[in-house]
Amino acid sequence: MKIMSGNSNLPLARAIAGYLELPLTDASVRRFADEEIFVEIHENVRGEDVFIVQPTSYPANDNLMELLICIDALRRASAKRITAVVPYFGYARQDRKPGPRTPISAKLVANLITEAGADRVLSADLHAGQIQGFFDIPTDNLYAAPVMAADIQARYGDQSLMVVSPDVGGVVRARALAKRLDNAPLAIVDKRRDKPGQSEVMNIIGDVKGRACILIDDIIDSGGTLCNAAQALMDAGAVSVTAYITHGVLSGAAVSRVNNSALKELVITDSILATDATKNSDRIRVLTIAPLIGEAIRRIADESSVSSLFD
Ligand code: R5P
């Protein structure tokens, strides 16, 4: 087995390789003067089971193109099996047509990865589970929930917890986390805008008064969804609101929005490389999912069960 990395999240790739007690495959991913990507693998990979680690986070298009070119290089170097390890799958939010004459870009990206030559895909907390169906090759979708649940138990286990989904679409994810937290009760933030141009009304379904709320979601991007939900929960009488989000996309002014929000703490994973602003925020903490991904890779290579990681 070999672990290779693109430039998107080298620390994560190194940590995964460290967990597996393997060196990273010697390769260089460089740019021509016009920003074309050039990949060179400096060791033999013929007949190898290769895992290429490359989340397609910001800059999404460059990182995606790097992934595709790495896969192409591996295929032409006669790797036996190529697994695209994409902990954060960019474009996942474009998984359906929100209106006429719009693309389904998540499907297009799935086609590109497959056509480049990937034999399998390993991802984490896909925005929607059915994105796995966009691939006609095997996919494994890992969940950060066990890592989050262990952290929540250690830090907030002595409090009266309530798991909260920030929107109706996230209820399944929130329920799964609540189950891991000794069946903690569940609340839902229902965001409504009655007419275009009118401000949003956050209705809370469930009684959060006196509760330490744990907001859970797959992505924090601008931070709007989460910071508004946190304020609404505090207004409804929560004692504190902590957010556990798998993918810290954190675009634009998101970090400062979080720093100035009602959130006690935002906990993300290292599926996306943290920016300096994220690292410098005393309101944001990063949990690693490298051992989880490493163990999944070991099991894929050994052809043993991956789903039993979540039993
Ligand atoms: C949406 O369905 C996702 O699960 C997230 O809630 C959303 O992407 C967060 O975006 P933002 O942080 O920009 O509100």
Per q in 0.26, 0.28, 0.35 Å⁻¹, report the Debye log10 I(q)/I(0) for the range 224-263, using one uniform scatterer on each alpha carbon and no solvent. -0.91, -1.01, -1.28
Reduced to Cα centres, the span from the range 90-160 to the range 1-68 in Å works out to 20 Å
If you keep only loop residues by DSSP, which GluC sites (Glu not before Pro) in the range 261-311 have at most 10 other Cβ atoms within 10 Å of their Cβ? Glu303
hull vol. (C-alpha, convex hull) per residue for the chain, Å³ -> 147 Å³
Separation in nanometres of the label points that stand 7 Å from Cα toward Cβ, at Arg192 and Asp207: 2.1 nm
Which of the three applies to the range 145-288, rounded, prolate or oblate, going by the alpha-carbon gyration tensor with a ≥ b ≥ c and a/c under 1.5 meaning rounded? oblate
Using Cα positions and a limit of under 12 Å, work out the aspartates and glutamates in reach of Lys191, with same-chain residues fewer than 8 apart set aside. Asp167, Glu200
Would you be so kind as to identify all helices of the chain, as entire DSSP H runs, whose Cα atoms reach 20 Å or more along the helix's own axis and whose mean Kyte-Doolittle hydropathy is at least -0.5? 60-76
Label-point separation in nm, Ser78 to Arg30, each point 7 Å along Cα→Cβ: 2.6 nm
Cross-link list Lys209/Lys279; Lys179/Lys209; Lys107/Lys279: which exceed 24 angstrom alpha carbon to alpha carbon? Lys209/Lys279; Lys107/Lys279
Can you tell me how much longer the chain between Ala277 and Val168 gets when fully stretched, taken as 0.36 nm per residue apart minus their C-alpha distance, in nm with one decimal? 36.2 nm
Using per-residue counts of other Cβ atoms within 10 Å, averaged over each peptide, order 42-51, 100-109 from highest down. 42-51, 100-109
State the extension gain, in nm to one decimal, for the chain segment bounded by Lys97 and Ser251, taking 0.36 nm per residue of separation less the distance between their alpha-carbons. 53.1 nm
Between Gln130 and Asn111, what length comes free when the chain is fully extended (0.36 nm per residue of separation minus the Cα-Cα distance, one decimal in nm)? 5.4 nm
How much area per residue is accessible in the range 145-288 when the probe is 1.4 Å and only protein heavy atoms are counted (Å²)? 46 Å²
Whole-number percent relative contact order across the range 145-288, with pairs defined as alpha carbons under 8 Å at least 6 apart: 19 percent
The chain - mean residue ellipticity at 222 nm from DSSP helices (-39,500 (n - 2.57) per run, n ≥ 4, rounded to 500): -9500 deg cm²/dmol
Can you work out the FRET efficiency for the pair Glu295 and Arg14, with r the C-beta to C-beta distance and R0 = 22 Å, to the nearest 0.05? 0.85
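The values are calculated or read from the model by the stated rules, or taken from the named source; none is laboratory data. Remember, predicted model here, so these are calculated numbers, not experimental data. For neighbour counting, all protein chains shown are included, and Cβ atoms are generated from backbone atoms with ideal geometry for every residue, glycine included. Heads up: the accessible areas ignore ligands, DNA and RNA and are worked out on the full protein's heavy atoms, side chains in. Shrake-Rupley method; radii C 1.70, N 1.55, O 1.52, S 1.80 Å.
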